[in-house]
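Working notes, beginning with the structure itself.
Nothing in this text is a laboratory measurement; each read-out follows from the coordinates by a stated rule. In this text the structure is predicted, and so the values were computed from the model without any measurement. Neighbour counts run over all protein chains shown; Cβ positions are idealised from the backbone, glycine included.
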Amino acid sequence: MAQRFELHPTHPQPRLLRQAVQMLQAGGVLAVPTDSSYALVCHLDDKAAAERLRRIRGVDERHHLTLLCRDLSELAAYARVDNRQYRLLKAATPGPYTFILTATREVPRRLSHPSRKTIGLRVPDHPVPLALLAAHGAPLLATTLILPGQTEPLNDAEEIRARLQHELAAVLDAGACPAQPTTVVDLTPMDGGGEPEVVRRGRGPLASLGLA
């Protein structure tokens, strides 16, 4: 059964974060709060955990998974970013946005989009996932916690634990999230001089990106 860690929403307890990191390193999938909604996360280099994460979501390899990063310097190691793209990223991070970028060779081929060689990247604006990333010391593979057949993400830690008790290692409970997915913006058209394309309108306002 999935464990439930009650974390302070702004000052998460280091002891509990260390336990969560141990679960990630052992191949566990966790549910964590973010600035948009709860998300599923796992170790970037654990193939079995990534497959379990996709199975919980009910998505295949064509669905963009996201690398959850602490900051832009970490993000730049996994995606090719030019000056125009960097300025937009800097204006929007941390925040409730997911950006689709061309993956570098640092991203395992099995994690990038099979035909486009792209990856989703995100820097959350929430103390809990940022503290978890810091304790882990590397990006995590993530996806919004929307169950198969549903259109809205789960937002209650107890409900998440009840419904996914045999699929998750733990739920990090720091209270309710906004329960709205991120805004997803494809920045790959900028590689050829084009403009960003909004893939999904979510919690992140477009005006702050100059796309309203």
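Okay, here's what the table says:
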item	result
Volume per residue of the C-alpha convex hull in region 3-209, rounded to whole Å³	108 Å³
Most fluctuating residue given options 124, 148, 12, as computed from a GNM of the chain linking Cα atoms under 10 Å	148
Label point at residue 156 placed 7 Å out along Cα→Cβ; residues across region 168-187 whose backbone nitrogen lies under 20 Å	168, 170-181
Region 1-62 and region 162-184: distance between their alpha carbon centers, rounded to Å	9 Å
Residue among 72, 89, 132 with the largest mean-square fluctuation in a Gaussian network model of the chain, springs linking Cα atoms under 10 Å	72
5 angstrom amide H check on residue 79, placed H, neighbours 5+ away	104
Relative contact order [Cα under 8 Å, 6+ residues apart], the chain, whole percent	32 percent
Estimated 222 nm signal from helices in the chain, with DSSP H stretches of n ≥ 4 weighted -39500 (n - 2.57), rounded to 500	-7000 deg cm²/dmol
Student exercise, the chain dipole from Lys, Arg, Asp, Glu Cβ charges, in Debye to nearest 20	400 debye
Angle in degrees between helix 14-25 and the longest Cα principal axis of the chain, rounded to the nearest 10	70 degrees
The chain: antiparallel DSSP beta bridges as a percent of all, rounded to 5	60 percent
Backbone HN-Hα couplings from phi across region 122-128 [Karplus 6.51/-1.76/1.60, Hz, Gly and Pro as x]	7, 10, x, 10, 8, x, 5
Residue of 199, 32, 21 that the Gaussian network model of the chain assigns the largest fluctuation, springs spanning Cα pairs under 10 Å	199
